[in-house]
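Trainee: Encoded as structure tokens, here's the structure I'll be asking about.
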Amino acid sequence: MSVPYETTAYEPAESPESPEEHLARLLGRALNSFELPDEVIRRLDCALAHDSSLHSAHHSAGLHRETYRHTWLLADGSAVTLWELAHNTTPGGAPEHEVYADEEELGAATARLGLPPDAPELELPSPIWLWAVPTPRHVFVSGDCADHVRRLLRRAENPDRPDARTAALLATATAHEITQAFGRPGRVGRSGLSYVLYEHAFLLPDGSEASLWEVEHTATPDGRHMCEVYTSEEAARSAMERRAARQG
């Protein structure tokens, strides 16, 4: 039987939002939220966890535009994504927010953004796409990596958890980092379930990196916390979706 984490070890400093709170805040700031299909809003009513990430950005001459991807895991195991467009209409002006359920609609809205009509001669630099900027993916901290791997795999209850060979390799790591990839600890959806995905990244002696992906959830018959560990993010997210579908 796995033991739930101490919340203070993983929780961000700010108070975490539930899926419902995050949706309400997104819709509250979007000027066109009333245009979203009612069916999308109804589906999001049963969200279990959520995740947000910056998709792309462009900044120049006092104008800016960012697009964000907001994804919710639903009780039936499926996922819903909303696209947020944030931009200003005048250089240095306050941002306006729009939200779309379809990526093509997002693209059309983005295409409508242009230069102010009184400055057609202004030459803008090429768009800056944030994913092209080389930034460190992990900030590793030295520690007893072998003990960390041992404790992580000991609490994993899934039969297809990483094997002894993987454990032996990661035990040689010189540093590691834990980051929260999806969901929020200590908060549950309306169905009473919680899902959190963590990445445990390891820095190996040759300079390469390897990760284990941990799903912590309460989709168990008695509602207790359960831990599952996988060698890929895809496998971990698939496990989350399967669990949610069975509970739905």
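The values are calculated or read from the model by the stated rules, or taken from the named source; none is laboratory data. These numbers were taken from a predicted model, which means no experiment stands behind them. Cβ coordinates were reconstructed from backbone atoms using ideal geometry, including for glycine residues, and neighbour counts include every protein chain displayed.
Trainee: So is T67 assigned to a strand (DSSP E or B), buried (at least 16 other Cβ atoms within 10 Å of the Cβ) and at pLDDT 80 or above or not?
Mentor: Working: assigned to a strand (DSSP E or B): yes; buried (at least 16 other Cβ atoms within 10 Å of the Cβ): yes; at pLDDT 80 or above: yes.
Criteria met by T67.
Trainee: Now for a different question. Taking the condition within 13 Å of L73 (Cα to Cα) and hydrophobic (A, V, I, L, M, F, W, C), does L197 pass? If you could, list the steps in order and put the result at the bottom.
Mentor: Numbers: within 13 Å of L73 (Cα to Cα): yes; hydrophobic (A, V, I, L, M, F, W, C): yes.
When the stated conditions are applied, L197 passes them.
Trainee: Please identify the pairs in which a residue from the range 128-148 that is of a type in the set (D, E) and modelled with pLDDT of 80 or more has its Cβ atom under 9 Å from the Cβ atom of a residue that is surrounded by 10 or more Cβ atoms within 10 Å (Cβ to Cβ) and outside any helix (DSSP H, G or I), counting only partners at least 6 apart or on another chain.
Mentor: Partner pairs satisfying both residue conditions: D147/A171.
Trainee: Residue by residue through the range 73-97, note down the ones that are charged (D, E, K, R) and either closer than 30 Å to A239 by Cβ or not assigned by TED's automatic domain parsing to the domain that holds R112 (or both).
Mentor: Taking the range 73-97 and keeping what is charged (D, E, K, R), we get 76, 84, 96.
Result: D76, E84.
Trainee: Also, I was wondering about something else. Considering only the range 193-201, I want to know if a residue exists there that is in a loop (DSSP other than H, G, I, E, B) and modelled with pLDDT under 95. Full working, then the answer.
Mentor: We begin by selecting, within the range 193-201, every residue in a loop (DSSP other than H, G, I, E, B); these are 193-194.
After this cut, where a residue has to be modelled with pLDDT under 95 as well, the list is 193-194.
Within the range 193-201, one or more residues are in a loop (DSSP other than H, G, I, E, B) and modelled with pLDDT under 95.
Trainee: Of the conditions (1) surrounded by fewer than 17 Cβ atoms within 10 Å (Cβ to Cβ); (2) modelled with pLDDT under 90; (3) in contact with a strand residue (DSSP E or B) (Cβ under 8 Å, 6 or more places away or on another chain), T81 clears all except one; give me its number.
Mentor: With respect to (1) surrounded by fewer than 17 Cβ atoms within 10 Å (Cβ to Cβ); (2) modelled with pLDDT under 90; (3) in contact with a strand residue (DSSP E or B) (Cβ under 8 Å, 6 or more places away or on another chain), T81 is out only on (2).
Trainee: Could you check the range 89-110 and list, in sequence order, the residues that are modelled with pLDDT under 90 and in contact with an Asp or Glu (Cβ under 7 Å, 6 or more places away or on another chain)?
Mentor: Residues satisfying the conditions are T89, A109.
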